[in-house]
Structure formats: structure tokens, C-alpha cells
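As C-alpha cells, the structure follows; a few thoughts come after it.
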């Protein structure tokens, strides 16, 4: 059965808000000091929990979310911040020329938390985000490498297959057959196959950074993802330095990557 916090949107919102405040923001500030004069854009903001954590530091924030249903939830959770003019939630595509014109050069920080692994043409979205940054701006990424035990997000499964580590590494056709044989609904199968098509490794992500003109300002690879504090009552653990230094192998042991990047000068 899928983990129940995926269905409890209020709990999920609060979990994301606290995780961002306790782990994401301190990680960002190790290399890029935030202040109340700054603006933040969260791409794929979902219900807005991560965005609210940044707004609570004094920043102004904009969340963009393709799914109108989730954007509507975010507007509800952030109603006070929206009313005071400190936040805005937009249901749009960042490639939309109107969006691009409105927000060109507007943000000091862009946040993608558990988003990049769902996006096709990841090099394209990296290049697109450059135009939304102010000079000196940075981008935060948090994502699970594809090869980690549950890198296919199979925990959303309704059946017991969601508890099987690495089952998402099956060839696409075999993976789809197995999901349907287990009785997974069409919507779940579509979501998981999307992850299968777009999942990203540490090496491919870093290659995209180099090819699109970014440098890494800060990086942390976690053996135990900070969000597991709330999901499984596990204390976060950074991946052992030796394993973190071995390309490809580290993908299987890293449950979460934190990156802070900036455009190459």
C-alpha cells in the first residue's frame, strides 16, 4: 500500500515546510546567504510547503505548479501570505513566453525539490531557468538518483510491489507488465513510467550542469534522506565519503542529493 502521507495533504504540506526549514535552507545558506530583500521561485511547488519555509525567512516567493488542483491547495495553505503580497501561486508552464517575459531576471533563488527527476529534457529546463535569475542568483535541487532503492517513486503503489527496492530498474516493458499484473491503477502506472523515462543519475545531472553553464556551489549526498525523519523516524545521514567519491556506485546508496548551483561567471 502506498504511504499514507501522500494522501494526507495537510500532513504532507507541514512535513515539506519543516524539512525545508530544518535542512534545505541551512544547506543553501552554507554557500549563499539569504536575506529579506530576496525573491524565490519554486518550480513544481505542489502544495507550497517548501515555498512557505523560504517566505518565513522574510523572502517574497512565487510558486509555479502545472497541476491546477495542487496549485489550488497551495493557494489555500498560503492564503495569508498571498493576501499580504508576499506570495503568489501560478498554474503555468515555465516555458510559456508570457511567464518568461513576466519573470525574466526576477529571482535570487530558484528551488526544485523532488522535481528535476520528473522533467524530460532536463538540460533544456536548466538552460531555461538561467533567464529567471538575477545576477548572483542560485538554484537549489533536491532529488533522488534513479538507481537508489526507491528511485522510481514506487512507494506510491497501491499493492505490495511498492515495498520492493530496485524493482523500478526492470526494463520498461517488463516493469509495466509487472505493475499491471499487480493490479496497479492506470494513473499510478502512468506516473511510474514517467519516472522510468525521466529518472536521473548523479553523473547525468552533473554533466547537464557543465553543458548548460553551471558550477556547483554546494553539494551533499545523503545515505538517509532528511525527509525520512518524518516518514520513517530515521535520522539523516550523509553518504560515506569513499562511496560518495565513486561514480555510478554512489547512485545505489544515495537516497537524496542536495545541490546548490550558480551560472558560470
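Please work out how much length the chain gains when fully extended from residue 249 to residue 57, using 0.36 nm per residue of separation minus the C-alpha to C-alpha distance, in nm with one decimal. Kindly include the intermediate steps, with their values, before the conclusion.
Numbers: separation 192, 0.36 × 192 = 69.12 nm, distance 3.71 nm.
Length difference between fully extended and current span is 65.4 nm.
What nm distance separates the two modelled labels at residue 231 and residue 219, each placed 7 Å from Cα along Cα→Cβ?
The two pseudo-label positions are separated by 2.3 nm.
Based on the Cβ-Cβ distance from residue 166 to residue 18, what FRET efficiency comes out when R0 is 25 Å, to the nearest 0.05? Present the calculation step by step, with values, prior to reporting the outcome.
Working: r = 29 Å, r/R0 = 1.17.
Efficiency for this residue pair is about 0.30.
Please provide three numbers in whole Å: the alpha-carbon extents of the chain along the principal axes, with the largest listed first.
51, 41, 38
Between the stretch 12-60 and the stretch 234-265, what's the alpha-carbon centroid distance in Å?
21
How many Å³ per residue does the convex hull of the Cα positions in the stretch 200-265 occupy?
Numbers: hull volume 6.0 nm³, N = 66.
Per residue, the Cα convex hull of the stretch 200-265 comes to 91 Å³.
So for the chain: antiparallel DSSP bridges make up what percent, rounded to the nearest 5?
Working: 15 of 33 bridges.
Of those bridges, close to 45 percent are antiparallel.
Suppose each label sits 7 Å from its Cα in the direction of the beta carbon; what would the residue 158-residue 203 distance come out to in nanometres?
3.8
What does the convex hull of the alpha-carbon atoms of the stretch 154-198 project to on average, in nm²? All intermediate terms of the calculation are to be shown ahead of the outcome.
On the way: hull surface 10.6 nm².
Taking the Cα atoms of the stretch 154-198, their convex hull projects to 2.7 nm² on average.
Once the Cβ-Cβ distance between residue 180 and residue 99 is put in as r, and R0 is 51 Å, what FRET efficiency do you end up with, to the nearest 0.05? Mind showing how you got there, number by number?
Details: r = 37 Å, r/R0 = 0.72.
Between residue 180 and residue 99 the formula returns 0.90.
Here, each number is a calculation from the coordinates, and none is a lab measurement. Bear in mind the structure is a predicted one, so any value in this text is a computation, not a measurement. With ideal geometry, Cβ positions are generated from the backbone for all residues, glycine too; neighbour counts draw on all protein chains shown.
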